[in-house]
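The values are calculated or read from the model by the stated rules, or taken from the named source; none is laboratory data. Bear in mind the structure is a predicted one, so any value in this text is a computation, not a measurement. Cβ placement follows ideal geometry from the backbone for every residue including glycine, while neighbour counts extend to all protein chains displayed. Side chains are part of the model used for accessible areas, which takes the heavy atoms of the whole protein and leaves out ligands, DNA and RNA. Shrake-Rupley method; radii C 1.70, N 1.55, O 1.52, S 1.80 Å.
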Amino acid sequence: MVRTAVVVGAGIGGLSAAIGLRRTGWQVTVLERAATFRPAGAGLVLQANGLRCLEVLGLGAAIREQGRVDVSGGTRRSDGRWLARIEAGGLERALGTSAIGVHRAALHEILLGALPDGVVVTGAQVVAVTEDGEVAYQHQGRQVMTHADLVIGADGVHSTVRRLLWPEAAAPVRIGVTAWRGVTPTWDSDLVAAISWDRGAEFGMVPLVDGRIYWFAAINAAPGDPTDDDKARLRARFGGWHNPIPALITATNTVLRDDLTCVDQPLTTYVKGAVALLGDAAHAMTPNLGQGANQALEDAVVLAASPAAPMG
Ligand SMILES: Cc1cc2nc3c(=O)[nH]c(=O)nc-3n(C[C@H](O)[C@H](O)[C@H](O)COP(=O)(O)OP(=O)(O)OC[C@H]3O[C@@H](n4cnc5c(N)ncnc54)[C@H](O)[C@@H]3O)c2cc1C
């Protein structure tokens, strides 16, 4: 008998889980509340664990075409002095692969492209889930009920599935850091990947395969930074930092801002009856280690490979 799964959320974790489950014979539907997929986010660093998972999903070659495989880098002070260096060759020897920077939209597109039409239903907002695998969602103005042997909550840090089935779980907390992210247009000089630190602030930069630069900045700040001019705020904080930080900010057209949030009280289990959580829904972490998406990929691959995948 064909086993059925409903995945709530078509982010990196949800799409990866859908791909993995389909490869082991599950019939999968992904319910995504967004009506359309717009070019999402900025960049991401895929590390050895995430890259291995993409290999398992059969997407290693596709992602390596979209990512710089030769990225060396390290940690710097705000005046540019290097504190630590990481060579791509050293990572390759230690971990079997270097880390690569990719545009989040490129990764998302590769994951979506690995699923046949009809698997992902957009404009489908899940509103109720039970431990026996009943799912209710709003779609095109009406409520739809469905049932699956396995329901995966991959609906991000503010997960509805976690709130419904783990009502005792602590809500995600803001950590007192605001982050900004951007991708420059094509950048015509060589740039080394780096994270630069100063008291209460950091700035990271990663070259992408197509010549653009992904960068992120984080400042210790109360949630709800009142500025409405993000670039002016960043220039005020990072304008005196080493090159090319001020120029990267100036060159960028669209800057994204987030008050960083995490789940700081771990759940004792990620499984309840026929329901399992993964990715940020299960264990949203601060982005400093660059592991959130990589861990979501790991969750997805391990869950899909598990003979004990929860059954209703
Ligand atoms: C500033 C910043 C920088 C980061 N940098 C990195 C990095 O370099 N490397 C890294 O590995 N990670 C990074 N991360 C973390 C990474 O982005 C997340 O950990 C990862 O995207 C989590 O994926 P996910 O699939 O679990 O959740 P999400 O990507 O949040 O996807 C959840 C999906 O569920 C949908 N959804 C929500 N509710 C419902 C509902 N009720 N019904 C249906 N659909 C629903 C949402 O629309 C969304 O599409 C960064 C995060 C931030 C904020």
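Residues that are surrounded by fewer than 19 Cβ atoms within 10 Å (Cβ to Cβ), at least 1 per element: which strands (runs of 3 or more DSSP E) completely within region 107-162 meet that? Break it down stepwise before answering.
Working: elements: 124-129, 134-139, 142-147, 150-153.
In region 107-162, the matching strands (runs of 3 or more DSSP E) lie at 124-129, 134-139, 142-147.
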task: Please enumerate the residues belonging to region 258-269 that are free of Cβ contacts under 8 Å to residues at least 24 places away in the same chain and open to solvent by 60 Å² or more (accessible area, probe 1.4 Å).
output: Pro266, Thr268
message: Checking Val192 against (1) modelled with pLDDT under 95; (2) surrounded by 14 or more Cβ atoms within 10 Å (Cβ to Cβ); (3) farther than 23 Å from Ile245 by Cα, only one condition comes out false. Which one?
response: (3)
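Give the residues of region 203-226 that are open to solvent by 30 Å² or more (accessible area, probe 1.4 Å) and under 20 Å from Thr286 (Cα atoms), sorted by residue number.
Kept after step one, since they are open to solvent by 30 Å² or more (accessible area, probe 1.4 Å), are these residues of region 203-226: 209-210, 212, 216, 220, 222-224, 226.
Result: Phe216, Asn220, Ala222, Pro223, Gly224.
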- prompt: Which one of the conditions (1) aliphatic (A, V, I, L, M); (2) open to solvent by less than 30 Å² (accessible area, probe 1.4 Å); (3) more than 16 Å from Leu303 (Cα to Cα) does Leu57 fail to meet, given that it meets all the rest?
  reply: (3)
Qualifying positions in region 10-50 - open to solvent by less than 10 Å² (accessible area, probe 1.4 Å), under 25 Å from Gly141 (Cα atoms) and assigned to a loop (DSSP other than H, G, I, E, B): Ala10
field: Residue satisfying condition, being open to solvent by less than 50 Å² (accessible area, probe 1.4 Å), of a type outside the set (Lys, Arg) and more than 18 Å from the chain's Cα centre (by Cα), within set Trp197, Trp166
entry: Trp166
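Which of the residues belonging to region 241-257 are more than 15 Å from the ligand (Cβ to nearest atom) and surrounded by 15 or more Cβ atoms within 10 Å (Cβ to Cβ)?
Going residue by residue through region 241-257, those that are more than 15 Å from the ligand (Cβ to nearest atom) are 241-251, 253.
The answer is Trp241, His242, Pro244, Ile245, Pro246, Leu248, Ile249, Ala251.
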